[in-house]
Amino acid sequence: MEPDVVALYSQMCKSRLFEEAVTRLWNDGHISAEMHLNVGEEGIIAGVVDHLRDGDAMALDHRGTSPLVMRGVDLVSLLKEFLGEEDGLCRGMGGHMHLFAPELLAASSGIVGASGPAACGFALASQHLRRGKVAVAFFGEAAMNQGMLMESINLAAAWSLPVVFVCKDNGMGITTPSKKVTGGDLSLRAEGLGAHAVSVDGSDVHAVWKEAKKAVERARRGQGPTFLHATCRRPEGHFLGDPLLRIVRKPVDELKTKVGPLVKAATSARGASVGGRAASLGSILDILGRAGKMRKLGRHDPLHKQSKRLSSQERERTDDAIREEVAAAVRTAMQHRMEVGS
Amino acid sequence: MKTMTFAAAIEDVLMHAMATDSRVVVFGEDVHAIRMNLYARFGETRVRPTPISESAFLGAGVTAAMGGLRPIVEIMMVDFIAVAMDALVNHAAKVEAFSGGAWRVPLVVRVACGGGYGDGGQHEQALWGMLSQVPGMKVVVPSNPADAGGLMLAAIEDEGPVIFMEHKLLADYWLDYLADGGRTNLDYDVPQAGALGPVPDRWDPTPIGKAKVLREGGDITMVSLGVALHRCLEAAERLAARGIEATVVDLRTVTPLDAETLCETASKTKRVLVADEDYRGFGLSGEIAATLMEARIPAKFARVCVEGTIPFDRRRETQALPNVKRILEASQGLVEVRKGHAEALPV
């Protein structure tokens, strides 16, 4: 069986345009505090979610928007949740990091690594109550250093739980390059814990789709968990307003208050050797360099890559329909605010 | 005296402590960015970014302290400490007792806490009551720059484990990082006196376990800490305009609780109101009531706390946190309203 080119493109496009709308609302101050996007990792989400059916579960991390959009959650109710409205998906109680959709067996957490145990529990319930149904856990590569996630992979292997552990690897944990704080290889680690492991280029939704299909089928057959490692880039960094990206984008504005204290600290008597200080500054520059590189999706853009598989007619038709759908959702969700002028 | 922000005061103390004692080390997630100045001065051997492995690096902090270091372990937000509770509950808090007093754990755990900027119930908790419940821990919650610096110094000097809690509304860089993200179109009810204020020219430790009476009045005693303390000060000001005089106590430390100051002020006013940003049940506010009862102080008691999971929606979040309106309403229940002043209380 081959993937449906247009359907996967539509899913990714919907997620992307929706999150672009969310970004505008966030920029305008309608959405409070943090906002973690899935932009850049849509190829991974779409390639996995396409295999899920009623009764399958999703354990989401703090980037739960895209998986829910792709499972068909009403865009207005999601937007209203982000806006903190009483008629949002979770009555404005959860916000974007804590999204829950019981009918989809989808639960989120803002605690890094928490999707591991959550997926195991959903999978255990499936073993008892919904034979053949699976649970998917989404998390970043930095979460792989969280004990509860490693324990979950072992638990899933030991109990042959129908789990697909989806590791979305952008190489950075907030501002920390993951290689710097990670021992060994993640796929080997997962294999060592007893899971089947596979790596894939996350910017190619077809590649993800094919591997996810095998992983989901293995799980449905009762053959235990798979660790699906997929690479990606996230142009917005950790979250909207990522401090590294702010420095990269507007170095003068962002650094004017920071440089003085930094220079003073770096040149103060008593402290590390000159070499030690130089290494610190070098590593700060290295991290800024990584952030700068990351912000350009370029050939790593899963949506762009997929768009080339469509005819221009198909692409335009899809884009137009989705653009209208998202715009309508924003109008509806914002209607109340616009009327009361808040 | 000079003026500093809450965050700058803490950094000033850390700079000094790290420069004078090479055993003081800092580790935690993203400290190269969050503590960039310390990182630039003291290098990566002493300011070390960690993997997202709270249970491992906080557990390691306990034995690093037992092994002779003076670690300051950062758990970005107190909500995340739940992942690493074993290190505190079963180890940091127990080593001194288990070793018959022979071995102590000079560990500082630095965490951001508190709400008021719309980040939802998993990133805005206080949790200081829960952390204070296990014997062997000390927990401090400064409400202004001078105490932030003084309590950090005391925490570093302390021979036992101390959790240093930094309210995000008081620490400008946390608000910038988690709330604004570079935006300038949002407002937060930041208590100015808590975010920026006078600090001593030379730092001395602020004694852990010692509350501070900030205002004296004979009608009611308000007990609080952190941001809620500032809400009490504002409420006290409004009560005073109507002839009701409040004593306001800044606890500064949750455990060990300053029972002496509590009892002394409570016995004078016979009315005690606790404003606590932590959960109401099984926590600090109940502990204060029990302390007063055990001391046989006949006082009317009320509390303004967080009752349930903090709502993401900022409008409901404001209602859920201790605010001036709720404090005034609770005061109404305690203070006999004088004729002609009844309109002063409900807002």
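Let's test this: bin the Cα-Cα distances of chain B at 10 Å from zero up to the farthest pair and state each bin's percent.
All Cα pairs considered, the percentages come to 6, 26, 34, 24, 9, 2, 0.
Let me have the relative contact order for the stretch A:64-138, percent, based on Cα pairs under 8 Å that are six or more residues apart.
17 percent
Suppose every K and R has +1 on its Cβ and every D and E has -1 on its Cβ; what is the size of the dipole of chain A about the Cα centre, in Debye to the nearest 20?
1120 debye
Per residue and in cubic angstrom, what volume does the convex hull of the Cα atoms of the stretch A:108-228 have?
93 Å³
Is the shape of the stretch B:82-151 rounded, prolate or oblate, going by the alpha carbon gyration tensor and its root eigenvalues a ≥ b ≥ c, with a/c under 1.5 for rounded and a/b larger than b/c for prolate?
In terms of gyration-tensor shape, oblate.
What are the trypsin sites (Lys or Arg not before Pro) within the stretch B:130-218 that DSSP puts in a loop, where the Cβ has at most 12 other Cβ atoms within 10 Å? Before the final figure, lay out each step's value.
Details: sites: B:LYS138, B:LYS168, B:ARG183, B:ARG202, B:LYS210, B:LYS212, B:ARG215; in loops: B:LYS168, B:ARG183, B:ARG202, B:LYS210.
Hits after loop and neighbour filter: B:ARG202.
For the pair B:LYS268 and A:ARG331, how long in nm is the line joining their label points, each one 7 Å along Cα→Cβ?
Here the modelled spin labels are 6.4 nm apart.
Most mobile of A:ALA321, A:ALA291, A:ALA195 per a Gaussian network model of chain A (Cα springs, under 10 Å)?
Maximum among the listed residues: A:ALA321.
Can you pull out the chymotrypsin sites (Phe, Trp or Tyr not before Pro) in the stretch A:140-239 whose DSSP state is coil and whose Cβ has at most 16 other Cβ atoms within 10 Å?
In loop regions of the stretch A:140-239 (DSSP not H, G, I, E or B), the sparsely surrounded chymotrypsin sites (Phe, Trp or Tyr not before Pro) are A:TRP159.
Could you let me know the centre-to-centre spacing of the stretch A:25-48 and the stretch A:300-321, using Cα atoms, in angstrom?
Cα centroid of the stretch A:25-48 versus Cα centroid of the stretch A:300-321: 20 Å apart.
Can you check what the Kirkwood hydrodynamic radius comes to for the protein assembly as shown, Cα pairs only, in Å to one decimal?
Result for the protein assembly as shown, one decimal place: 26.6 Å.
With unit charges on the beta carbons (Lys and Arg positive, Asp and Glu negative) and the dipole taken about the Cα centre of the stretch A:1-77, which residue among A:PRO3, A:LEU60, A:VAL73 sits farthest to the positive side?
My answer, from the dipole projection, is A:VAL73.
Which entries in A:LYS14/A:LYS305; A:LYS179/A:LYS214; B:LYS210/B:LYS300; B:LYS138/B:LYS212; B:LYS94/B:LYS138 show an alpha-carbon gap greater than 19 Å?
Pairs exceeding the cut-off: A:LYS179/A:LYS214; B:LYS210/B:LYS300.
Which of the listed residues, A:MET12, B:PHE6, A:GLY275, is farthest toward the dipole's positive end in the protein assembly as shown, when Lys, Arg count +1 and Asp, Glu count -1 at the beta-carbon?
Farthest along the dipole direction, towards plus: A:GLY275.
What fraction of the DSSP beta bridges in the stretch A:131-290 is antiparallel, stated in percent and rounded to the nearest 5?
Around 10 percent antiparallel, to the nearest 5.
Label-point separation (nm) for A:ASP4 and A:ASP185, each offset 7 Å from Cα along Cα-to-Cβ?
3.6 nm
State to the nearest 20 debye the size of the charge dipole of chain B about its Cα centre, where the only charges are +1 on K and R beta carbons and -1 on D and E beta carbons. List each step's numbers first, then the result.
Details: 35 positive and 45 negative charges, 124 e Å.
Around 600 debye, computed over chain B.
Can you give me the long-range amide H partners of B:VAL304? Hydrogens built in the peptide plane at 1.01 Å from N, cutoff under 5 Å, separation of 5 or more residues or another chain.
Under 5 Å from the amide H of B:VAL304 lie the amide H atoms of B:VAL274, B:ALA275, B:ASP276, each far enough along the sequence or on another chain.
Assigning unit charges at the beta carbon (Lys, Arg +1; Asp, Glu -1) and nothing else, what dipole magnitude in debye, to the nearest 20, does the protein assembly as shown show about its Cα centre?
The dipole magnitude comes to about 860 debye.
In the protein assembly as shown, if the dipole is taken from +1 on Lys/Arg beta carbons and -1 on Asp/Glu beta carbons about the Cα centre, which of A:VAL163, B:ILE156, B:TYR39 is farthest to the positive end?
Sorting the options by dipole projection puts first B:TYR39.
Under a straight-distance cross-link criterion of Cα-Cα below 20 Å, which aspartates and glutamates are reachable from A:LYS308, leaving out those fewer than 8 residues away in the same chain?
A:GLU2, A:ASP4, A:GLU41, A:GLU42, A:ASP50, A:ASP201, A:ASP204, A:GLU316, A:ASP319, A:ASP320
I want to verify a result. In a Gaussian network model of chain B, Cα cutoff 10 Å, which of these has the top mean-square fluctuation: B:VAL24, B:VAL140, B:VAL248?
Judging by the Gaussian network model, the answer is B:VAL24.
None of the figures in this text is laboratory data; all of them are computed from the coordinates on show. Just so you know, these numbers come straight off a predicted model, no measurement behind them. Every residue, glycine among them, receives a Cβ derived from its backbone with ideal geometry; neighbour counts consider all protein chains shown.
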